[in-house]
Amino acid sequence: MDPDALLAEMRAWWKQWQAFHAPVAWTVPGREGDFLIACARNIQQAREVKDGKLVFEVGPTVYRGLWIVDGNFILEAARYLGFDDAADQGLLSEWGRQVPSGQIIASGGKEHWKDTAIAMFTLVRACELKQDWSLLRRLAPQVGHAIEFLIQLRDEARRGNSPNGRYGLLAPGFPDGGIAGVRYDFTNTLWTLAGLRAVAAANQKLQLPDLARAAGFYRELRTAFDNAAKQEMVGDPRGFTYLPMLMREDEQMHEDAWDRPRPQSAQWALSQTIFPGEVFAKDDPVVRGHIALMQACTQEDVPAETGWLRHGGVWNYNAAFVAEVYLWAGLRAWAHRTFTGYLNHASPLHAWREEQPLQQALLGDNWGDMPHNWASAECIRYLRHMLALEDNQTLRLFDGIQPSDLRERQPFSLSGSPTRFGRIALAAEPVGRRGWKMRFTRESSGPAPETVTLPEKLDAGAALTRIDGAGKRTAAAGVISIDPAATAWTATWES
């Protein structure tokens, strides 16, 4: 074909391209808005039709394939952009990888046991965002088969002599994210807890017989995990206690100090089990230890040496996992600092290498794909959550907004954004010298949250003075609770 004709075709395609699909629309000013558009482009560029279904690829080369954990976050980001049909195709592609045992096996490999549970989590999240549970009803027999597979993994471990089995956890498996091989690990059990919890919660209303074992198995596994965590917590000389992702008996924990996994190695699965998995309470010792460890290993404003590059390296988008944990935990300043550090580690084209050296590193290794689209998805997810975060049955609005985000005095908005409470819209505009006004609406067809919250202050000079269209009360220091039954109201912050 004529190269000039191909070039003209590509230019025409990109001129008509849209970052969002109706009913979703975003307006984010400044640098964050540039990142939002670029990341929407990144994940759409990497889509590929396989077996008649549109699959979101993680990367163009190293990770050009179907990765279940990456897919969970990429598909959620796609829904935040309005691409529900394509996300449905990607989800069905994941469940098309289920084998006769009930396990789901994708590019992570056979011992990546957690993939089976993550696919369960992805399915539930898709249904709650769509406010349509027909896909879970349709796939319930496959989900039930997946649960049975995970139960068998636990039972097989019990018959062996591994610490996993003695604790009553899933069989030793591949931790990933910095620790290779089949190990005495927690990562597979952690993500399984998140998947089981999601299915069990959904089935409280659906009452599907195929899913009936999820709740009981979750309770058994959670009790076993809590007992194991108490035994395996480690005191750090920096003054806190944390849970390593490998157990004491694993041979890697006894290697030479240079080769031994770092305390922060493979903590990715714990970050995600905390949020979005929502398995733990905010004051759980495991959560407190994880947060302390991530803060202690921060360099260049991001957690360092958390992945495959254990010495002087940064796993870029791991910073976004941790920023989400901080945001969920109410550590707004740490969340903002870490997410900003994450953006600062992007390329000039607003994309990320998976892992790269710190600026002062003595080793110059790189790892993984470039661009890496899980990274793009994490940027999209954090930007949505800084505006609207679903915290169990609470909808937290503007929790991630910091004074620096408001300096440009430019309006920002989010409309048609899916949540477990139905689609929401919010539009904020500057008022006067320091004030802001925000209009909020929520679909009345969705289930009402138990609580809706706003920050009392957006910065030192703008305090919440009035809510029109809904009642309000002080929920906690610095937090205002809005009547959750109200579906349309306006908030005003004034100096």
**Request:** On a 0 to 90° scale, report how tilted helix 134-159 is relative to the longest principal axis of the chain, with both axes built from alpha carbons and the result rounded to the nearest 10.
**Result:** 40 degrees
**Message:** Taking the 0 to 90 degree range and rounding to the nearest ten, how far is the long axis of helix 285-296 tilted relative to the main principal axis of the chain, both from C-alpha atoms?
**Reply:** 70 degrees
**Request:** Take each of the peptides 119-127, 227-235, average the number of other beta-carbon atoms within 10 Å over its residues, and list them starting from the highest.
**Result:** 119-127, 227-235
**Message:** Past the 28 angstrom mark, what percentage of all C-alpha to C-alpha distances in the range 132-279 do you count?
**Reply:** 23 percent
**Under Karplus coefficients 6.51, -1.76 and 1.60, residue-wise ³J(HN,Hα) of the range 457-464 in Hz, glycine/proline x** = 10, 8, 7, 4, x, 9, 10, 5
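On the protein heavy atoms, probe 1.4 angstrom, tell me the percent of accessible surface of the range 264-389 carried by carbon and sulfur. Could the numbers behind the result be given before it?
Values: 1910 of 3550 Å².
Heavy-atom surface of the range 264-389 belonging to carbon and sulfur, 1.4 Å probe: 54 percent.
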**For the chain, share of DSSP beta bridges that run antiparallel, in % to the nearest 5** = 95 percent
**Given (1) 76, 62, 42; (2) 68, 66, 54; (3) 97, 59, 45, the label whose value is Cα extents along the principal axes in Å derived from this model** = (2)
**Request:** Could you let me know the centre-to-centre spacing of the range 462-495 and the range 323-363, using Cα atoms, in angstrom?
**Result:** 32 Å
**Prompt:** So what are the ³J(HN,Hα) numbers for the range 55-64, from phi and the Karplus equation (6.51, -1.76, 1.60; θ = phi - 60°), rounded to whole Hz, Gly and Pro as x?
**Reply:** 10, 7, 8, 6, x, x, 9, 4, 10, 7
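Using the heavy atoms of the protein chains and a 1.4 angstrom probe, tell me the accessible area per residue for the chain in square angstrom. Kindly include the intermediate steps, with their values, before the conclusion.
Values: 19670 Å² over 495 residues.
On a per-residue basis, the chain sits at 40 Å².
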**Fill in**
Which residues qualify? For ALA475, with a placed amide H closer than 5 Å and at least 5 residues away or on another chain, they are ILE480, SER481
**Request:** State, as an integer percentage, the relative contact order of the range 336-493 based on alpha-carbon contacts under 8 Å between residues 6 or more apart.
**Result:** 16 percent
**Prompt:** When the C-alpha atoms of the range 331-452 are aligned to their principal axes, what extent does each axis show, in angstrom, from largest down?
**Reply:** 54, 37, 26
**Request:** Specify the inter-centroid distance of the range 102-141 and the range 11-63, based on alpha-carbon positions, in whole Å.
**Result:** 23 Å
**Item:** Peptides ranked, highest mean first, by Cβ atoms within 10 Å: ranges 38-45, 203-210
**Value:** 38-45, 203-210
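The values are calculated or read from the model by the stated rules, or taken from the named source; none is laboratory data. Everything numeric here is computed off the predicted structure, so don't read it as measured data. Here Cβ is always computed from backbone atoms with ideal geometry, including for glycine, and neighbour counts include all displayed protein chains. With ligands, DNA and RNA removed, areas are computed over all heavy atoms of the protein, side chains included. Shrake-Rupley method; radii C 1.70, N 1.55, O 1.52, S 1.80 Å.
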